[in-house]
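Chemist: If you scroll down you'll find the structure; I have some questions about it.
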Amino acid sequence: MRTLIIFTLLAVLVMIATCYESHESMESHEYLNPFINRRRANGFMQADTRLEGISQERLRERIKAPYERQREICEDYYPCELYAFRHGYAAAYKHYFGRRRTK
């Protein structure tokens, strides 16, 4: 019986020591309002740059620059490609496809 009382007192002391809330923890602003607004949260949370790079690459695949589309068109047409080896793709595209006008 004596050991049970000592064990209970010891458990109560451990509980008081671990569950005591100090005055310092009350000084924090997060105690009253634990949530922060989005602007402050974005200040220290950085987006994953790898995922951003992958999404940018997917956008670049869908939206090509005009000169890149012209180069692909020229590569598909063999005489234009031969002309491009000597004079460049811009001149070759202008030579073979520049006179076309679409309505």
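The values are calculated or read from the model by the stated rules, or taken from the named source; none is laboratory data. Quantities reported herein were computed from a predicted structural model and do not represent experimental measurements. Neighbour counts run over all protein chains shown; Cβ positions are idealised from the backbone, glycine included. Accessible surface areas use protein heavy atoms only, side chains included; no ligands, DNA or RNA. Shrake-Rupley method; radii C 1.70, N 1.55, O 1.52, S 1.80 Å.
Chemist: From the set of residues in the stretch 13-36 that are surrounded by 10 or more Cβ atoms within 10 Å (Cβ to Cβ) and at pLDDT 75 or above, which is farthest from the chain's Cα centre (by Cα)?
Modeler: Only one residue fits best here, namely 13.
Chemist: Give the residues of the stretch 55-80 that are modelled with pLDDT of 70 or more and open to solvent by 90 Å² or more (accessible area, probe 1.4 Å), sorted by residue number.
Modeler: 58, 62, 63, 67, 69, 71, 76, 77, 78
Chemist: Give the stretch 54-90 a look and list any residue that's β-branched (Val, Ile, Thr) and assigned to a helix (DSSP H, G or I), or say none. Walk me through it before giving the result.
Modeler: Step one: of the stretch 54-90, the residues β-branched (Val, Ile, Thr) are 54, 63, 73.
Listed by number, the residues that qualify are 54, 73.
Chemist: Next up: Go through (1) touching a His at 6+ places or on another chain (Cβ under 7 Å); (2) at pLDDT below 70; (3) not polar (S, T, N, Q) and name the single condition residue 83 misses.
Modeler: Going through the list (1) touching a His at 6+ places or on another chain (Cβ under 7 Å); (2) at pLDDT below 70; (3) not polar (S, T, N, Q), residue 83 breaks only (2).
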